[in-house]
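One structure below.
The values are calculated or read from the model by the stated rules, or taken from the named source; none is laboratory data. No experiment lies behind these values; they were computed from the predicted model shown. Note: ideal-geometry Cβ built from the backbone for every residue, glycine included; neighbour counts use all protein chains shown.
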Ligand code: Q9C
Ligand code: ZN
């Protein structure tokens, strides 16, 4: 299997996040990528660089004003004489106006962000764009006939919606891959999100669409980030009614209940009979993940890979979360190695 990799991810570094009342270095670090890359190289995977795409591809999923904000945010901050990382300090919650975007950089950040764990640094745009290009490159390779390609995206993407960033995510890499597949080759896509956290951005982007089935397995938002989306009663709207399926699971979920929920997700995908599959592949479901609460072990990741391969669909896999840095390579390579072992 080919994996798409860009060294530009490393330009997104040095950020802080608000965690339990303190500002700490983000759990989402450049070291994550080195471990995944090393494990894939050791496993005989073939590395390819991302291609370039016009900005109009981003606008298929994101609001042009939002893209412009992300591209220029750090320069605006810097022009005001500020250094370090950018984090918002106020949001338009209930009772405040969200019909106008404040002109200044601080208000703009609060307008476009939904949390204080997603810093913007000098190199954030270059890294986020390279991740988006990596996901679209994987989609292009699959539309051109490869059976499965993995995009080693960093920063991740599934929390980013049409015009909101958060949860370490800026551009929605998986949604861009889905849209690319639809625009180039396929009628219907299943987007399966197995990151520990609900993919609120992906859900919102495809909420009213019947050409994309969004299915997500995640820690219950009653206690887990992103808290305000990802409940089982969210099923889509308009033409998209019935094309969103959330399977929230309790804290402490181990392999047996996880595997049953995964089987429900895979049955829903089979019922939809899509032309291709995109997987938002987070491995923050791991038992020693520092910010998550499931109990999967390294030996379970190949079982996930085999189940995904059992769908027999052209597949784009996109890296999302996973913060147990020492084990992230083995866990990702576990999924991909078992997936790649499927009969061609
Ligand atoms: N106590 C992804 O995995 N902070 N994003 C949560 C929990 C943000 C996770 C704090 C977690 C974002 C792509
Ligand atoms: Zn996550």
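Miscellaneous remarks
- The single residue among 83, 17, 68, 52 that is without any contact (Cβ under 8 Å) to a residue 24 or more places away in the chain and not in a helix (DSSP H, G or I) turns out to be 83.
- Residue in the range 24-39 that is more than 20 Å from residue 282 (Cβ to Cβ) and either touching a helix residue (DSSP H, G or I) at 6+ places or on another chain (Cβ under 6 Å) or crowded, with 20+ Cβ neighbours inside 10 Å (or both) present: no
- Failed item in (1) away from ligand 2 (no atom under 14 Å from the Cβ); (2) within 25 Å of residue 339 (Cα to Cα); (3) modelled with pLDDT of 95 or more, with residue 185 passing the rest: (3)
- Verdict on residue 94 being out of contact with any helix residue (DSSP H, G or I) (no Cβ under 9 Å at 6 or more places or on another chain) and assigned to a loop (DSSP other than H, G, I, E, B): yes
- Single match in 308, 313 (criterion: in a loop (DSSP other than H, G, I, E, B), away from ligand 2 (no atom under 16 Å from the Cβ), under 14 Å from residue 278 (Cα atoms) and at pLDDT 95 or above): 313
- Test result for residue 339, within 16 Å of ligand 1 (Cβ to nearest atom) and either in contact with a strand residue (DSSP E or B) (Cβ under 7 Å, 6 or more places away or on another chain) or at pLDDT 95 or above (or both): no
- Single residue of the range 270-300 satisfying the filter (touching a strand residue (DSSP E or B) at 6+ places or on another chain (Cβ under 6 Å) and farther than 22 Å from residue 337 by Cα) that is surrounded by the most Cβ atoms within 10 Å (Cβ to Cβ): 274
- Hey, residue 172 out of contact with any helix residue (DSSP H, G or I) (no Cβ under 8 Å at 6 or more places or on another chain), surrounded by 19 or more Cβ atoms within 10 Å (Cβ to Cβ) and at pLDDT 95 or above or not: no
- Test: residue in the range 327-342 that is over 24 Å from residue 34 (Cβ atoms) and touching a helix residue (DSSP H, G or I) at 6+ places or on another chain (Cβ under 9 Å): yes
- From 303, 266, 262, 251, residue being part of a loop (DSSP other than H, G, I, E, B), surrounded by fewer than 21 Cβ atoms within 10 Å (Cβ to Cβ) and modelled with pLDDT of 95 or more: 251
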